[in-house]
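Chemist: Before anything else, here's the structure in question.
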Amino acid sequence: MQMDFEKIFERPKTLRPVATHYCPGCGHGIAGRLVAEVIDELNVSERAVGVAPVGCSVLLYNYLEIDMYEAAHGRAPAVATGCKRVRPDLVVFTYQGDGDFASIGIAEAVHAAARGEKISTIFINNAIYGMTGGQMAPTTLIGQKTTTSPIGRTSERAGFPIRMAELLATLDGAAYIARVAVNSPKHIIKARRAVKKAFETQIKGLGYSMVEILSPCPTDWRMTPIEAAKWVEEKMMPYYPLGEFKVPQKEK
Amino acid sequence: MEKKFMTGNEAIAEAAIQAGCQHFFGYPITPQSEIPEYMSKRLPEIGGIYLQAESEVAAINMLFGAAGAGVRVMTSSSSPGISLMQEGISYIAGAQLPCVIVNIMRGGPGLGGIQPSQSDYFQATKGGGHGDYHMLVLAPHTVQEAVSLTMEAFDLADTYRNPVMILGDGYMGQMMEPVEFYKTSSPNLPPKDWALTGAKGRSANLVKSLYLDPEALEKHNLEINRKIQKMRKDEVRVENYQTDDAEVIIAAYGTVARICKTAIKVLRDKGIKAGMIRPITVFPFPYNDFEKLADKMRKFLVVEMSLGQMIEDVKLGLCGKAQISFYGRTGGMVPSYDEIVTETEKLVKEVG
Ligand SMILES: Cc1ncc(C[n+]2csc(CCOP(=O)(O)OP(=O)(O)O)c2C)c(N)n1
Ligand code: SF4
């Protein structure tokens, strides 16, 4: 006898059926999947264009079945600006790490937001330089040990970690700014909602949108995936509070 | 077609528009600001995009984005700004994107000055950014030539999927001349089926310069190199000016070549048969034309607004067969025709 099963969970169409290069327990895999799900849900895969700059983010172009750029370190918002301005019909997003977005590319980040570019940024904050092997990032917490802050980051030597969501939320051009996390199912569901809102903000032409995602990097934090997920909750969230920092004004 | 009286900078901007470039990203810097100013007025009128970037770093990456989306796009700057663009130019060459970059050179190094110079020759012709690539570099010597080369630059960029540079200087940018805009017929250009326009009815496209596997990167670099070899074979442009009966040859490009034409007239009035070889493409460089001249000519004077950059290519072209002397002014000083006359006379006497 044949049974009919209803499929209630499947791979998003925009996500290619390939194994990723991410380490076990890395948040990148989840974040990439959320982007793919939202692209499917909003039915924009045929007009979505992603920009993946240098960092563990860069190979996203291998996983998404959409048009993509690989960009120089930090320059994704400028590349996305060039693309979106000449083809306003496209849905353009950048997918950037914290070294990329908050350090080398902070000028491009701030100005894309200030101009109100109708692009979306998915910003992976893992408090470290992942790809180059765990050096200090602008988002590294005070006291956090990295390969270039071996006794732990001190504010005397290295200043203070940057809160990008709060910073960008001060800009008039930014329409939707949120911080979420992908360390637990509860947070992942909220993260997906925020990514969707960011894309919707762009599609409605309301301005710049950015979702900061607190994301575990077990490898460079020298932790197990479970320890890393806990560290996001216990160490990162107190300094990087979750929530929406700016929502489009036209929205109730 | 009626002639218009325009500065070099304005003429370059209008030529780009007439060549179908509707998109411009840039950052202000003297002595080229008339280009972005012109664009900011004209492009919105024709439904195009003018955007003032936060820096030259951002501007060139906006070109990367726009060119990757398949449109004709241009930026312009002057020496310090062009230095900032080198990273992006390397990525554009690596990703094989077509675009046009204008450098209205001023004196360096560092902040240098705002007066005309030709001291970015090495940067323009030898790479500038990192990696195995070359831009195609066109060096006009009149405003009219700046117009025609700018228009052609877009076709060349599309043909080779490579950045093309218009190499001018502050003198050319500010100079006013009557110009005509001819409609150029575009050659059969390859379709931009690689462009990012949304993956509708086709598989996804990818614009990238990253090849982590060394074998793949070597293959990619060889592909870029094949284009460069084709440029060397097919795109060399040079003007031989009164060289047929010449006893001494001046080598110069851009604004300096124009001054040399006046010097040559004076020299000929004085009974000295001088001629000039003028590279129009400084990359690819006309080595063969120099070699041919070296077979019948022994005296060469290289004149530049630098302390000697193009002279290295001239030496390669002449293969040690001729005597070469050099006259250069730098820092924004422009050589006058009588200085060039004096230098040429010296050379003629020296070798006897
Ligand atoms: C101009 C430039 N400087 C430095 C590098 C080396 N580099 C590659 S990835 C990286 C750090 C990326 O860290 P982050 O943006 O936090 O992303 P993650 O790898 O953590 O996802 C650096 C410094 C580079 N590729 N280009
Ligand atoms: S190094 Fe860190 S950010 Fe990079 S893939 Fe591994 S866990 Fe993820």
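Chemist: Residue by residue through the stretch A:9-56, note down the ones that are assigned to a helix (DSSP H, G or I), away from chain B (no Cβ under 12 Å) and in contact (Cβ under 8 Å) with a residue 40 or more places away in the chain.
Modeler: A:GLY27, A:HIS28, A:ILE30, A:ALA31, A:GLY32, A:LEU34, A:VAL35, A:GLU37, A:VAL38, A:GLU41, A:CYS56
Chemist: Being within 11 Å of ligand 1 (Cβ to nearest atom) and within 9 Å of chain B (Cβ to nearest Cβ) is the requirement here; does A:ALA76 meet it?
Modeler: yes
Chemist: Any residue in the stretch B:32-56 that's assigned by TED's automatic domain parsing to the domain that holds B:SER76: show its pairings with residues that are surrounded by fewer than 16 Cβ atoms within 10 Å (Cβ to Cβ) at Cβ separation under 6 Å, as long as the two are six or more apart or on different chains.
Modeler: From residues that are assigned by TED's automatic domain parsing to the domain that holds B:SER76, the pairs are B:TYR50/B:SER40.
Chemist: Oh, and also: Please state which of the following conditions B:ASN225 fails to meet, knowing it meets all the rest: (1) more than 15 Å from B:TYR133 (Cβ to Cβ); (2) surrounded by fewer than 16 Cβ atoms within 10 Å (Cβ to Cβ); (3) outside the structural domain of B:LEU267 (by TED's automatic domain parsing).
Modeler: Going through the list (1) more than 15 Å from B:TYR133 (Cβ to Cβ); (2) surrounded by fewer than 16 Cβ atoms within 10 Å (Cβ to Cβ); (3) outside the structural domain of B:LEU267 (by TED's automatic domain parsing), B:ASN225 breaks only (1).
Chemist: Follow-up. Taking only the stretch B:58-88 into account, find how many residues are open to solvent by 10 Å² or more (accessible area, probe 1.4 Å), within 7 Å of another protein chain (Cβ to nearest Cβ) and within 16 Å of ligand 1 (Cβ to nearest atom).
Modeler: Number of matching residues: 1.
Chemist: Ok, one more. For B:GLN22, indicate whether it is in contact with a strand residue (DSSP E or B) (Cβ under 8 Å, 6 or more places away or on another chain), of a type outside the set (A, V, I, L, M, F, W, C), within 14 Å of another protein chain (Cβ to nearest Cβ) and surrounded by fewer than 24 Cβ atoms within 10 Å (Cβ to Cβ).
Modeler: It is true that B:GLN22 is in contact with a strand residue (DSSP E or B) (Cβ under 8 Å, 6 or more places away or on another chain), of a type outside the set (A, V, I, L, M, F, W, C), within 14 Å of another protein chain (Cβ to nearest Cβ) and surrounded by fewer than 24 Cβ atoms within 10 Å (Cβ to Cβ).
Each row is one residue, and each column tells you yes or no for (1) at pLDDT below 95; (2) over 30 Å from A:ILE66 (Cα atoms).
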residue	(1), (2)
B:ILE29	no, yes
B:ARG42	no, yes
B:MET85	no, no
B:ILE89	no, no
B:ASN103	no, yes
B:GLY113	no, yes
B:GLY127	yes, yes
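Chemist: Return yes when B:LEU301 is under 23 Å from B:PRO140 (Cβ atoms), open to solvent by 60 Å² or more (accessible area, probe 1.4 Å), not basic (Lys, Arg) and not in a helix (DSSP H, G or I) and no when it is not.
Modeler: no
Chemist: Identify, please: which residue in the stretch B:190-204 is free of Cβ contacts under 8 Å to residues at least 12 places away in the same chain and facing another protein chain (nearest Cβ under 9 Å) and is, among those, surrounded by the fewest Cβ atoms within 10 Å (Cβ to Cβ)?
Modeler: B:GLY201
Chemist: Need at least 2 residues that are away from chain B (no Cβ under 14 Å) and crowded, with 20+ Cβ neighbours inside 10 Å per element, so show me which helices (runs of 4 or more DSSP H) inside the stretch A:106-172 make the cut, counting only ones lying wholly within it.
Modeler: Ranges flagged: A:164-169.
Chemist: Also, quick follow-up: Against the definition (at pLDDT 95 or above, within 16 Å of ligand 1 (Cβ to nearest atom) and under 20 Å from the mean Cα position of the chain (by Cα)), how does A:PRO218 come out, yes or no?
Modeler: Taking the combined requirement at face value, the residue satisfies it.
Chemist: Are any residues in the stretch A:62-73 within 7 Å of chain B (Cβ to nearest Cβ) and open to solvent by 10 Å² or more (accessible area, probe 1.4 Å), and if so, which ones?
Modeler: Across the stretch A:62-73, the qualifying residue is only A:GLU65.
Chemist: Give me a count of the residues in the stretch A:173-193 that are farther than 17 Å from A:ASN126 by Cβ and either of a type in the set (Asp, Glu) or assigned to a helix (DSSP H, G or I) (or both).
Modeler: Number of matching residues: 6.
The values are calculated or read from the model by the stated rules, or taken from the named source; none is laboratory data. Being a predicted model, the structure only gives us computed values, none of them experimental. A quick note on method: Cβ atoms are made from the backbone with ideal geometry, for glycine too, and the neighbour counts reach across all protein chains shown. Side chains included, ligands, DNA and RNA excluded: accessible areas come from the protein's heavy atoms. Shrake-Rupley method; radii C 1.70, N 1.55, O 1.52, S 1.80 Å.
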